[in-house]
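**Student:** To start, I am sharing the structure in question, which I have written as structure tokens.
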Amino acid sequence: MRKYVLSLALGFMGLLSYAQTNYEKAMTEKISKLEATRSPEELQALANDFQRIADKEKDKWQPSYYTALAYIQKGRSQMQSGNNQALEEMADQAQKFVDAAEAMEKNNSEIHLLQKMIYSLKMMVNPMERFRTFGGKAEEELKKAEQLDPANPRVTLIKAEDVYYTPEQFGGSKTKGMELFKTAMEKFSTFKPKSALDPNWGKTEAQYFLSGAAK
């Protein structure tokens, strides 16, 4: 009887380990794809994949986080298209999953940064009308993200993008933006995520701006 119980326990542990390995493998593969693509179609497919994982792994915040990030990146990739309805829809979809992630993981710099990015998408639907509302909310979330983790390179990266693309008459500066991209790169060189599945994106984006490819 004791051997049977021991065998059953070992079998259960092996099954649990196998499931965990499959989860980590699937997440790692899709996170890698998410960092490499800016195609709206591929980003939508990844959002769907992460959502399916989130539906199964209800006690983990990362799948919901990456679902939201995929929708945000899809929205950001369409900003030049003039399709404001698409921006609104992507922001609304992302909000659902940021809320889900935040419900499980409180006071997380990475989640507050995604909230900032959602508000920025909302603002870009109609910048003139929405700057006072969503622009202000985005700034508040960026400050929270920085307060929670001053060493987070993605906070500096997004701040750099804001400064770089904001017209000088409104406080922006391409020169100051580039300096912030350099600071972000310095932070990326020492940053270590808490786990293999925690956010670690953004370095290639900073490199892109520093290469002079951005306009």
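The values are calculated or read from the model by the stated rules, or taken from the named source; none is laboratory data. Here the structure is a predicted model, which is why all the values come from computation and not from measurement. Cβ: placed from backbone, ideal geometry, glycine included. Neighbour counts: every protein chain shown.
**Student:** For the range 121-139, enumerate the residues that are in contact (Cβ under 8 Å) with a residue 40 or more places away in the chain and either in a helix (DSSP H, G or I) or surrounded by 14 or more Cβ atoms within 10 Å (Cβ to Cβ) (or both).
**Tutor:** Once the filter is applied, which keeps residues that are in contact (Cβ under 8 Å) with a residue 40 or more places away in the chain and either in a helix (DSSP H, G or I) or surrounded by 14 or more Cβ atoms within 10 Å (Cβ to Cβ) (or both), the range 121-139 yields L121, M124, V125.
**Student:** Got a sec? Which of M178, M185 is outside the structural domain of V98 (by TED's automatic domain parsing), touching a Phe, Trp or Tyr at 6+ places or on another chain (Cβ under 8 Å) and either in contact (Cβ under 8 Å) with a residue 60 or more places away in the chain or over 20 Å from L69 (Cβ atoms) (or both)? Explain how you work it out, then say what you get.
**Tutor:** Values: M185 fails: touching a Phe, Trp or Tyr at 6+ places or on another chain (Cβ under 8 Å).
The conditions single out M178.
**Student:** Follow-up question, since we're still on this one. Pick from V125, V155: which is at negative phi, assigned by TED's automatic domain parsing to the domain that holds A206 and either basic (K, R) or in contact with a helix residue (DSSP H, G or I) (Cβ under 8 Å, 6 or more places away or on another chain) (or both)?
**Tutor:** None of the other options fit; the residue is V155.
**Student:** Separate question: Only one of (1) outside the structural domain of T28 (by TED's automatic domain parsing); (2) under 25 Å from Q95 (Cα atoms); (3) assigned to a helix (DSSP H, G or I) is not met by L197, so which one is it?
**Tutor:** Single failed check for L197: (3).
**Student:** Just one of (1) crowded, with 19+ Cβ neighbours inside 10 Å; (2) free of Cβ contacts under 8 Å to residues at least 60 places away in the same chain trips up E110, so point out which.
**Tutor:** (2)
**Student:** Please name all residue pairs, on different chains or six or more residues apart, with Cβ atoms under 8 Å, provided the first residue is in the range 140-155 and is assigned to a loop (DSSP other than H, G, I, E, B) and the second residue is of a type in the set (K, R).
**Tutor:** A151/K187; N152/K187
**Student:** If you don't mind, another one. Six or more apart or on different chains, Cβ atoms under 6 Å: show the pairs whose first residue is in the range 38-66 and in the same structural domain as N108 (by TED's automatic domain parsing) and whose second is hydrophobic (A, V, I, L, M, F, W, C) and outside any helix (DSSP H, G or I).
**Tutor:** Hits for this filter: Q62/L197.
**Student:** Scanning the range 161-195 for residues that are surrounded by 11 or more Cβ atoms within 10 Å (Cβ to Cβ) and of a type in the set (G, A, S), which turns out nearest to P150 (Cα to Cα)?
**Tutor:** A184
**Student:** How about the range 22-78: which of its residues are under 11 Å from the mean Cα position of the chain (by Cα) and of a type in the set (A, V, I, L, M, F, W, C)?
**Tutor:** Passing the criteria: I31, L34, A68, L69, A70, I72.
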